[in-house]
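Note sheet for the following structure.
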Amino acid sequence: MFVNIKTLTSLNILSNIINKVMAEKNYDKSIKILKALADPMRLSIAQHLANGAELVSSQEIVQSCARRLELSQPAMSHHFKKLTESGVVLIEKRGTENFYKLNQELCEMHGIDIRKL
């Protein structure tokens, strides 16, 4: 197989562009995650999920956090929405019930250990 210098240069430039785009997307995702965790209430919710069972029912986690953090149900919904939109918390639907879990893999991929925050 014959590959000329011009082709190699083009491939190198394309590779650099792809790496840059991937880095920017990763950077944007890291910012989104950190913004979600910057709120003390959301960080507390994430820590609660990190220290609990693998899957926690929405009813259980909302009641537990609402009592502990003294938040209304609409405020809890707002915080869970931000956490799920950022990918920090995952939702698993089973029938009519939602279950939440911490997206440990995503956090680790971005160098975040919720238990240490």
Projected label distance in nm at Asp113 and Glu85, using a 7 Å step from Cα toward the beta-carbon
3.0
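Counting Lys and Arg as +1 and Asp and Glu as -1, what is the net charge of the other residues whose Cβ lies under 13 Å from the Cβ of Ile114? Show your work: numbers first, answer last.
Working: positive: Arg42, Lys101, Arg115, Lys116; negative: Glu105, Glu108, Asp113.
Within the 13 Å Cβ shell, the charges total +1.
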Assuming R0 = 25 Å, can you tell me the calculated FRET efficiency for the pair His78 and Ile31, based on Cβ-Cβ distance, to the nearest 0.05?
0.80
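Taken together, the values in this text are just the output of simple stated rules run on the coordinates, not laboratory data. Everything numeric here is computed off the predicted structure, so don't read it as measured data. Quick reminder, even Gly has a Cβ in these numbers, built from the backbone with ideal geometry, and neighbours come from all protein chains shown.
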